[in-house]
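S.K.: One structure coming up, written as structure tokens, with questions to follow.
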Amino acid sequence: MAKYIIRRLLSLIPTMFIIITLSFFLIRVAPGGPFSGEKGLPEQVQQNLLKKYHMDEPLFRQYLRYFGDVLIGNFGPSLRYKESSVNELIAQGFPNSIILGTVALALATFAGICVGILSALKQNRWQDYSAMSLAVIGISVPLFVIGPVLQLVFAMNLKWLPVSGWIFSRAGLKTLILPALTLAFPYFAYIARLSRASILEVLRSDYVRTARSKGLSEGIVIRRHVLKGALLPIVSYLGPAFAGIITGSIVVESIFFIPGIGKIFVQSALNRDYPLIMGEVIVYSLFLVTMNFLVDVLYGFLDPRIAYK
Amino acid sequence: MTDDVILQVKDLKTYFKLDEGLLKAVDGVSFDIKKGRTLGIVGESGSGKSVTNLAIMKLIPSPPGWIAGGEVLLHGKDILKMSDTEIREIRGNKISMIFQDPMTCLNPFLRISTQMIETIVLHQGLDKKAAKDKAIEMLKLAGIPAPEKRIDQYPHQFSGGMRQRVMIAMALSCNPEILIADEPTTALDVTIQAQILELINELSERLGTAVILITHSLGVVAGMCDEICVMYAGRIVEKANADQIFGEPKHPYTMGLIKSVPRLDKTTKERLYSIPGQPPNVINLPDCCPFFPRCEYAKDICKQKYPPVSGISTGRSVACWLYGGGN
Ligand SMILES: Nc1ncnc2c1ncn2[C@@H]1O[C@H](COP(=O)(O)OP(=O)(O)O)[C@@H](O)[C@H]1O
Ligand SMILES: [Mg+2]
């Protein structure tokens, strides 16, 4: 097991190397540049700016320079937000996005599994039908509709929760509820459907028939014999779900005015703020590959049939 | 005589409501299980053998299935009328089952110890420690080497034959009166089949357990069973003791089954006999002998009405128009 973990960790190095290299060159291929948008900049000023950021050098040279900086954890200056470095910008925004994403995913997983279990055990009864209708809504209605609808109902009409804002404001943790619900909804829906299907399948399995034939009560059959096997597919879904939820958070952050990294991300892409884009890509990727790695290790702990070599 | 009878199945019917129509998987099956004896139930796949035995344990998946009639009397008390709690007292305790595919019948996520101990604790009221000792003893009886070590392993660490041994050990761990073995060797290698049958035979004899041995091949039951029921399309077409079945089969289907058993004393190069035609589709079956399209003795009456069950001698009966119109 320890060997497997070390090997997986080492394999993160080439993965990250490829991500960094590909992104670096792909970004440069896109038309436009960081200063081309600013109309009226005299030719000479543009030249000076490029020189200041070493962008007049050959591309490969720039790449090597950038790579060296990244190795010591320096993502360089932002070309647009001139008063802050990329490190600072990410340090401000990223934690907020992670808080939002983690809360949303935890919510989606917990509620999704509970509803999935309920649906499966009450198959084809009203509980099942209503849960699965809710799930269809969650999967088919986009975030930018769900968010404003929740704002309308719970903030404007019922006045239970703030319309927008973030946890460090006076409204505190309350501000987290609506955006987290919005972001969680589609994932909740998917996880509910996934766990329902998976539980129904396990309920029909031979080993559950064996468990029943031994005289175990239905409660023990479900808890001991059904749930573990049925919920494993959810664990492997969590890796990709995290990727999706982080991307989704860009939309939710702008609906609820959350100072996360999503908004800067979109802006930086539009502005061709090369160092900022790269910094964000690297931090996101590192986060995602780490999550996938953790999920794999967790899966290995849960499924005894998997032997790590 | 009747004191020996532990379990009486009387006119048991189990139907499934499917999109294609009503499937009478078991349609009026009756037999008795006597203490310490072995009953074979033989028939092609789909004839209703498994459903019969799941119905005895009230384990029919519902929907789509339900028990449409009949009685299952355990010491005179009808299992089918019992509450869920009463039935759970019987399952795994008075009557246990082992199934066809040992690869899928043990829970892959739980250690053998967990799966065995839970049954013993439930039915014998032992604490976990004592239950584990009992489980180890059963594994040893079932011929598992180093059971103290193996018991803490997971099912995937066992071969198919070993898993079936674990199933047998688990099924017998509460000293049931009846062991239902549903095609226990069908999924196993030929070399292992005989060992497993021998193990069931030996342990049931030692523990005084009655056995219902389900199989699709008469060859399997030949040496093991006292009595044999031949099933076709949800009904018992012939019931007799083993010698009679092999010595003088009455029903044309039984004759076909006997002819299709591979024999060592014949050295012809002929292909192994198999009954012509396909097993019937039992959905919406009309009133007729379902075997008539494959039967070389078929008469007009066979196509019009299901033959009555004629008693031939005590404990021996056949459902076929060749043997009179009943009496
Ligand atoms: N859960 C089920 N749902 C629908 N049909 C079933 C189910 N279980 C068994 N059947 C049908 O009942 C009939 C008898 O099946 P079974 O008892 O399993 O046959 P076998 O003699 O091979 O054990 C078959 O036609 C089968 O398709
Ligand atoms: Mg069967």
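The values are calculated or read from the model by the stated rules, or taken from the named source; none is laboratory data. What you see is a predicted model; the values in this text were computed from it and never measured. As a convention, Cβ positions derive from the backbone with ideal geometry for all residues, glycine included, and neighbour counts pool all protein chains shown. Keep in mind that these areas ignore ligands, DNA and RNA; they rest on the heavy atoms of the full protein, side chains included. Shrake-Rupley method; radii C 1.70, N 1.55, O 1.52, S 1.80 Å.
S.K.: What single numbered condition from (1) in contact (Cβ under 8 Å) with a residue 12 or more places away in the chain; (2) within 14 Å of chain A (Cβ to nearest Cβ) fails to hold for B:R88?
M.R.: Answer for B:R88: the failing condition is (1).
S.K.: Suppose the filter is farther than 30 Å from B:P64 by Cβ, part of a strand (DSSP E or B) and open to solvent by 30 Å² or more (accessible area, probe 1.4 Å); does B:I301 pass it?
M.R.: Numbers: farther than 30 Å from B:P64 by Cβ: yes; part of a strand (DSSP E or B): no; open to solvent by 30 Å² or more (accessible area, probe 1.4 Å): yes.
Considered against the rule, which asks whether it is farther than 30 Å from B:P64 by Cβ, part of a strand (DSSP E or B) and open to solvent by 30 Å² or more (accessible area, probe 1.4 Å), B:I301 comes out as no.
S.K.: Do we find that B:N93 is over 21 Å from B:T14 (Cβ atoms), assigned to a loop (DSSP other than H, G, I, E, B), within 11 Å of chain A (Cβ to nearest Cβ) and open to solvent by 20 Å² or more (accessible area, probe 1.4 Å) in this structure? Full working, then the answer.
M.R.: Details: over 21 Å from B:T14 (Cβ atoms): yes; assigned to a loop (DSSP other than H, G, I, E, B): yes; within 11 Å of chain A (Cβ to nearest Cβ): yes; open to solvent by 20 Å² or more (accessible area, probe 1.4 Å): yes.
It is true that B:N93 is over 21 Å from B:T14 (Cβ atoms), assigned to a loop (DSSP other than H, G, I, E, B), within 11 Å of chain A (Cβ to nearest Cβ) and open to solvent by 20 Å² or more (accessible area, probe 1.4 Å).
S.K.: Are any of the residues in the range A:187-204 free of Cβ contacts under 8 Å to residues at least 60 places away in the same chain, within 13 Å of another protein chain (Cβ to nearest Cβ) and either part of a loop (DSSP other than H, G, I, E, B) or open to solvent by less than 10 Å² (accessible area, probe 1.4 Å) (or both)?
M.R.: For the range A:187-204, residues free of Cβ contacts under 8 Å to residues at least 60 places away in the same chain, within 13 Å of another protein chain (Cβ to nearest Cβ) and either part of a loop (DSSP other than H, G, I, E, B) or open to solvent by less than 10 Å² (accessible area, probe 1.4 Å) (or both): present.
S.K.: Still on this model: Quick one: is B:G28 in a strand (DSSP E or B), over 15 Å from the mean Cα position of the chain (by Cα) and not charged (D, E, K, R)?
M.R.: Answer is yes for this residue.
S.K.: Show me the strands (runs of 3 or more DSSP E) entirely contained within the range B:150-257 in which 1 or more residues are more than 14 Å from chain A (Cβ to nearest Cβ) and closer than 24 Å to B:K134 by Cα.
M.R.: In the range B:150-257, the matching strands (runs of 3 or more DSSP E) lie at B:210-215.
S.K.: Oh, and also: State which residue is nearest to ligand 2 (Cβ to nearest atom) when the search covers only the range B:61-71 and only residues that are assigned to a strand (DSSP E or B) and out of contact with any Gly (no Cβ under 9 Å at 6 or more places or on another chain). Before the answer, list the steps.
M.R.: Initially, the range B:61-71 is screened for residues assigned to a strand (DSSP E or B), giving B:65-71.
The next check asks that each one be out of contact with any Gly (no Cβ under 9 Å at 6 or more places or on another chain); those that pass are B:65-68, B:71.
Working: B:G65: 14, B:W66: 19, B:I67: 17, B:A68: 19, B:E71: 23 Å.
For the range B:61-71, the residue satisfying everything is B:G65.
S.K.: Given the criteria away from chain A (no Cβ under 14 Å), near ligand 1 (Cβ under 8 Å from one of its atoms) and of a type in the set (G, A, S), does B:G70 qualify?
M.R.: Spelling it out, it is not the case that B:G70 is away from chain A (no Cβ under 14 Å), near ligand 1 (Cβ under 8 Å from one of its atoms) and of a type in the set (G, A, S).
S.K.: Continuing with this model, one more query. List, please: which pairs have Cβ atoms under 7 Å, are six or more places apart or on different chains, and start with a residue in the range B:289-304 that is under 11 Å from B:Y253 (Cβ atoms) and end with one that is open to solvent by 60 Å² or more (accessible area, probe 1.4 Å) and assigned to a helix (DSSP H, G or I)?
M.R.: Taking only residues 6 or more apart or on different chains, the pairs are B:F292/B:K303; B:Y297/B:L322.
S.K.: Looking for whichever is more than 14 Å from chain B (Cβ to nearest Cβ), β-branched (V, I, T) and either in a helix (DSSP H, G or I) or surrounded by fewer than 24 Cβ atoms within 10 Å (Cβ to Cβ) (or both) here; the options are A:T210, A:T175. Which one fits? Before the answer, list the steps.
M.R.: Details: A:T210 fails: more than 14 Å from chain B (Cβ to nearest Cβ).
Criteria check complete, one pass: A:T175.
S.K.: Consider A:P240 carefully, then state whether it is surrounded by fewer than 20 Cβ atoms within 10 Å (Cβ to Cβ), of a type outside the set (G, A, S) and not in a helix (DSSP H, G or I).
M.R.: Here the answer is no, as A:P240 does not meet what is asked.
S.K.: Could you say which residue among A:G93, A:G101, A:G76, A:G33 is open to solvent by less than 50 Å² (accessible area, probe 1.4 Å) and on the phi > 0 side of the Ramachandran plot?
M.R.: Numbers: A:G93 fails: on the phi > 0 side of the Ramachandran plot; A:G101 fails: on the phi > 0 side of the Ramachandran plot; A:G33 fails: on the phi > 0 side of the Ramachandran plot.
Residue meeting the stated conditions: A:G76.
S.K.: With open to solvent by 50 Å² or more (accessible area, probe 1.4 Å) and touching a residue at least 60 places away in the same chain (Cβ under 8 Å) as the only criterion, which of A:L270, A:L232, A:L276, A:L298 stands out?
M.R.: Details: A:L270 fails: touching a residue at least 60 places away in the same chain (Cβ under 8 Å); A:L232 fails: open to solvent by 50 Å² or more (accessible area, probe 1.4 Å); A:L276 fails: open to solvent by 50 Å² or more (accessible area, probe 1.4 Å).
Within the list A:L270, A:L232, A:L276, A:L298, the selection yields A:L298.
S.K.: Could you list, in sequence order, all residues of the range B:96-129 that are more than 9 Å from chain A (Cβ to nearest Cβ) and either within 16 Å of ligand 2 (Cβ to nearest atom) or touching a residue at least 40 places away in the same chain (Cβ under 8 Å) (or both)?
M.R.: B:P102, B:I112, B:M116, B:I120, B:Q124
S.K.: Additional query: Mind counting the residues in the range B:34-60 that are open to solvent by 20 Å² or more (accessible area, probe 1.4 Å) and more than 14 Å from ligand 2 (Cβ to nearest atom)?
M.R.: 5
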